[in-house]
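> Just passing along the structure, written as structure tokens.
The values are calculated or read from the model by the stated rules, or taken from the named source; none is laboratory data. Keep in mind it's a predicted model, so treat the numbers as computed, not measured. In this analysis, Cβ positions are derived from the backbone assuming ideal geometry, glycine residues included, and neighbour counts consider all displayed protein chains.
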Amino acid sequence: MEKLIIEGGHPLEGEIAVSGAKNSAVALIPAAVLASSPVTIENLPDISDVEILADLLEEAGAVTTAGEGELTVDPGEMFAMPLPNGKVKKLRASYYMMGAMLGRFKKAVIGLPGGCSLGPRPIDQHIKGFQALGAKVTNEQGAIYLQAEKLTGARIYLDVVSVGATINIMFAAVMAEGKTVIENAAKEPEIIDAATLLSNMGADIKGAGTNVIRIEGVEKLHGCRHAIIPDRIEAGSYMIFAGAAGGDVTIRPVIPLHLESLSSKLREAGLQVDTGDESVRVRRGGPLRPVDIKTLVYPGFATDLQQPITTLLTQAEGTSMITDTIYHARFKHTDELRRMGADIKVDGRSAMVNGPTVLQGARVRATDLRAGAALVAAGLTASGTTEITDIYHIDRGYAALEEKITSLGGVIRREPLTEEEAAEIENA
Ligand code: EPU
């Protein structure tokens, strides 16, 4: 077990490179299961979720070869290996193995997914979609059993706009017989990325990125090469780090449109945000103003940036109201920020942040991935030393975090926990 140690109070200056999008990567690796020849995915982030998924595919007979920032998956010899336990429990995105295995083999046994604890995270819409396509779905001892004689295209209306359900239903539908229409589909950029990969593999998909996706089933998909889009959440996190710690940071490559909801809020808060063709520059000149934030589905403000921006708003002069309409209980980071001196009250799905507060370095826990990013922002801003434990959450989503922050002049290092610290955490 390790911890991150951050010496606060150093402004960040310079330029950093953004990795490929985690939430694309974790969908695109399972998508390779659907091909009959090797798929190479480029611009893969160096994060633990990617490693775990590659291992899962290997367990089911795929041959994976890792290269510099890329992974080749040869799914030719794969079989419908039941994956009820073990690695599937380690990440949320293992649910994509359901759609991918069902699409390829017409059957699958996959354990219920793990991932960040953000309150209830049902997968009923995924299941509704699989059933509409003809699969029989049962839940036995913590695993989902899926089986279909054949999959037939269907019209599926999602009751909840869900990124995971939209992508998973696409996976199950690309080789179903006939036409599938997904209505009230999610529109996140990662969905377009997944649809682009599937199209490069020979699938017939129209409308990805809108709320109606039309899929005409094809008999077979083939391998291809595909580069993942830049990670808008990683980029957004660094924009917030720059705003919180102060300084002048350029982030590239980004697709500025993907960052629009964040950029406009940061400008409202008093930061200077300039976008280039594929870069964004964030500068902090004067004091910060409070802003209200409401998370929404894309292109609204991303729930994944709600936690990091909370830290920034502890530095604003006044009261900001943050409401998470996607995950109502995504506020565990606020307990940790309070340990550092933040004045935050949580009431239902909203948090009221009163600023400015001088944050003080403290020992805090990354309770989930983006809570970890919120604490990194806090550590960079605080006076004194912040120690963040449970950083395996952060390693699931932020590639080369210390290297990137160090290159900007931030002071951060990773150390193993002492035996006493490890025991303390285990007993907590
Ligand atoms: N929902 C349902 N039923 C379902 C599916 C979702 O009620 O069958 C609800 C969820 O409980 C939530 C809302 O619908 O309230 C949206 O959930 P969605 O399915 O869109 O989330 P997800 O696909 O499980 C992905 C990202 C999350 C990100 C959300 C929202 C991946 C692997 N995860 O999760 O990313 O917060 O979309 O944008 O793509 C993160 O990166 O830190 C992270 C948690």
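> Restricting to the range 37-72, name every residue that is within 29 Å of Asn139 (Cα to Cα), more than 18 Å from the chain's Cα centre (by Cα) and crowded, with 16+ Cβ neighbours inside 10 Å.
Leu56, Leu57, Ala60, Ala62
Conditions tested, residue by residue: (1) among the β-branched types (Val, Ile, Thr); (2) more than 25 Å from the chain's Cα centre (by Cα); (3) part of a helix (DSSP H, G or I).
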{"site": "Phe130", "(1), (2), (3)": "no, no, yes"}
{"site": "Thr138", "(1), (2), (3)": "yes, yes, no"}
{"site": "Asp159", "(1), (2), (3)": "no, no, no"}
{"site": "Met170", "(1), (2), (3)": "no, no, yes"}
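> Which of the residues spanning the range 391-411 are crowded, with 21+ Cβ neighbours inside 10 Å and not in a helix (DSSP H, G or I)?
Ile391, Arg396, Gly397, Tyr398, Ala399, Leu408, Gly410
> Restricting attention to the range 1-47, which residues are part of a helix (DSSP H, G or I), within 22 Å of Ser237 (Cα to Cα), in contact with a Pro (Cβ under 9 Å, 6 or more places away or on another chain) and of a type in the set (A, V, I, L, M)?
Across the range 1-47, the qualifying residue is only Ala25.
> State all residues of the range 177-190 that are touching a strand residue (DSSP E or B) at 6+ places or on another chain (Cβ under 8 Å) and surrounded by fewer than 24 Cβ atoms within 10 Å (Cβ to Cβ); if no residue qualifies, say none.
Glu177, Gly178, Lys179, Val181, Glu183, Asn184, Lys187, listed by residue number.
> Look through Ala93, Ala80, Ala100 and report the one residue that is in a loop (DSSP other than H, G, I, E, B), of a type in the set (A, V, I, L, M, F, W, C) and in contact (Cβ under 8 Å) with a residue 24 or more places away in the chain.
Ala80
> So which residues in the range 163-184 are within 15 Å of the ligand (Cβ to nearest atom) and in contact with an Asp or Glu (Cβ under 9 Å, 6 or more places away or on another chain), if there are any at all?
Val163, Ala165, Thr166, Ile167, Asn184
> Would you pick out the residues in the range 233-276 that are over 19 Å from His10 (Cα atoms), in a strand (DSSP E or B) and among the acidic types (Asp, Glu)?
If the condition is that a residue be over 19 Å from His10 (Cα atoms), in a strand (DSSP E or B) and among the acidic types (Asp, Glu), then Asp274 is the only one that fits.
> Would you mind stating whether Phe105 is more than 18 Å from the chain's Cα centre (by Cα), over 18 Å from Leu197 (Cβ atoms), modelled with pLDDT of 95 or more and within 13 Å of the ligand (Cβ to nearest atom)?
The answer is no for Phe105.
> Of all residues in the range 372-388, count the ones that are touching a strand residue (DSSP E or B) at 6+ places or on another chain (Cβ under 8 Å), touching a residue at least 40 places away in the same chain (Cβ under 8 Å) and crowded, with 21+ Cβ neighbours inside 10 Å.
Here the count works out to 8.
> Still on this structure: Looking at (1) modelled with pLDDT of 95 or more; (2) surrounded by fewer than 24 Cβ atoms within 10 Å (Cβ to Cβ), which one does Phe79 not meet, given that it meets all the others?
Single failed check for Phe79: (1).
> Hey, could you check the range 108-128 for residues that are part of a strand (DSSP E or B) and either β-branched (Val, Ile, Thr) or surrounded by fewer than 17 Cβ atoms within 10 Å (Cβ to Cβ) (or both) and say which is nearest to the ligand (Cβ to nearest atom)?
Ile110
> Among the candidates Lys150, Lys187, single out the residue that is in a loop (DSSP other than H, G, I, E, B), more than 14 Å from the ligand (Cβ to nearest atom) and either more than 28 Å from Val254 (Cβ to Cβ) or within 23 Å of the chain's Cα centre (by Cα) (or both).
Exactly one residue qualifies, and that residue is Lys150.
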